[in-house]
Amino acid sequence: MSEVGSRVPRLEDPRLLTGAGSFVDDVDRPGQLHLRVVRSTVAHGRILAVDVASALEMPGVVLARTGAELCLPPIPVRVSPDPGQLEPYLQPVLARERVRYVGEPIAVVLAEDPYLAEDAAELVEVIYEGLEPVLEAASAGAPGTPALFEGSSNEVAELHASFGDAGAAFEAAHRIVSVDVAVGRQTAVPIETRGLLAEWSADHLEIWGATKVPHFNRRVLADMLGIEPSQIRMRRSDAGGGFGVRGELYPEDVLVALLAREAGRPVKWVEDRAEHLVAANHSRDQAHVLSGAFSAEGDLLGLRAEIWHDNGAY
């Protein structure tokens, strides 16, 4: 136990501090293409049309794809008490009929360099029918609130947990005190934004940049692409921060791998800072009603909490 409380040098510091780290944007493959995502500019709306013709006319643009052209299953949830219950609410890789948050992927463009890809993506025209957004979880199921998913309630699940006899504690209480508490939405902002590079060779796929939960991502990608997990090799890169935001499978993880196979060339994608703020997962927008049951002497006998958790669009 001599190391506890001691100043222990970190093994990675000399390499990283001398510029010898290897991040996903440091990796390039011969003949690689660059991917840019066309994202929703509205919080909630129907997609009436997506036109990629002008983008495809640009010299250096190799291909463009919309949700209507992809036949892929939705992205599964990594951790859930009842995955089947969540199936109607899973996110498509590219939005088709409807968008449900600003930044949701609608189309992708592949080009010979990242600047061409960005210019081409700006030429993609999306026509929306704007719909009223749902902004608060506590009122999401109220009558008159817009339905985010046809045929399904906005209230996805209701969970209950209890310890001891709270009912008896509240019946015996001399005084009950309640308070409303809010926890605002937040997201991680690591120094390094997300990125991915994929190369399809012969019958296997190599991926750089999957810095967290690589085994889960490999299994899901294999299932979505219709190949065996053994055909995917996840190459580790250094990560310039994560803080939880890299711990899920995102649409871009599927798109980069899928289009590398389709194009027959390596595909690279690195998001910019503005893109990261709207495209990476957000967390923990919650509303709590906390009630305490107290004795005449001020002892806390029991506690109740009603929590509304806004899990976002999907």
Ranked order, 70, 135 - accessible area, probe 1.4 Å, largest first: 135, 70
What is the set of long-range amide H partners of residue 22 at a cut-off below 5 Å, with H atoms built 1.01 Å from backbone N? 238
Among 205-218, 144-157, 6-19, what's the highest-first ranking by average C-beta atoms within 10 angstrom per residue? 205-218, 144-157, 6-19
In whole percent, how big is the carbon plus sulfur part of the accessible area of segment 1-126, probe 1.4 Å, protein atoms only? 54 percent
Find the centroid of the Cα atoms in segment 203-227 and in segment 256-272, then give the distance between the two in whole Å. 13 Å
Would you pull out the residues with amide H under 5 Å of residue 107's amide H, same chain only if 5 or more places away, H placed 1.01 Å from N? 38
Treating only the Cα positions of segment 118-224 as identical point scatterers, give the base-10 log of I(q)/I(0) from the Debye formula at each q in 0.11, 0.20, 0.21 Å⁻¹. -0.86, -1.19, -1.18
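Label segment 200-242 by shape, choosing from rounded, prolate and oblate, from the square roots a ≥ b ≥ c of the eigenvalues of the Cα gyration tensor; if a/c is under 1.5 it is rounded, and otherwise prolate applies when a/b is larger than b/c, oblate when it is not.
Numbers: a/c = 3.15, a/b = 1.68, b/c = 1.88.
Note, shape of segment 200-242 comes out oblate.
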Heavy-atom accessible area of residue 178 with all protein chains present, probe 1.4 Å, nearest 10 Å²? 70 Å²
For segment 1-66, I need the span (max minus min coordinate) of the C-alpha atoms along each principal axis, in Å, sorted largest to smallest. 66, 37, 15
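Helix-derived [θ] at 222 nm for the chain: sum -39500 (n - 2.57) over DSSP H runs of at least 4, divide by residue count, nearest 500? Can you show the working numbers first?
Details: 7 runs with 57 residues, N = 314.
So the helix-based figure for the chain works out to -5000 deg cm²/dmol.
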Scalar couplings 3J(HN,Hα) for segment 80-88 by Karplus 6.51 cos²θ - 1.76 cosθ + 1.60 (θ = phi - 60°), nearest whole Hz, x for Gly and Pro, are 7, x, 8, x, x, 5, 8, 4, x
Spherically averaged projected area in nm², based on the convex hull that wraps the Cα atoms of segment 41-183: 13.0 nm²
Which whole-angstrom value gives the distance between the alpha carbon centres of segment 75-94 and segment 107-182? 14 Å
Amide H contacts of residue 301 (H built 1.01 Å from N, under 5 Å, at least 5 apart or other chain): 293, 294, 295
Normalise the Debye intensity by I(0) for the chain, one equal point scatterer per Cα, no solvent, then take log10 at q = 0.07, 0.15 Å⁻¹ and round to two decimals. -0.37, -1.24
Residue by residue through segment 228-236, what is 3J(HN,Hα) from phi via Karplus (6.51 cos²θ - 1.76 cosθ + 1.60, θ = phi - 60°)? Round to whole Hz and write x for glycine and proline. 7, x, 5, 8, 10, 10, 9, 9, 6
Short version: ³J(HN,Hα) in whole Hz for each residue of segment 120-135, in order, from phi by Karplus 6.51 cos²θ - 1.76 cosθ + 1.60 (θ = phi - 60°), x for Gly and Pro, what are they? 5, 4, 5, 8, 6, 9, 10, 10, 10, 10, x, 10, 5, x, 9, 10
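The values are calculated or read from the model by the stated rules, or taken from the named source; none is laboratory data. All of these numbers come straight from a predicted model, not from anything done at the bench. All Cβ positions, glycine included, derive from the backbone under ideal geometry; neighbour counts span all protein chains shown. The accessibility values were calculated without ligands, DNA or RNA, using every heavy atom of the protein model including side chains. Shrake-Rupley method; radii C 1.70, N 1.55, O 1.52, S 1.80 Å.
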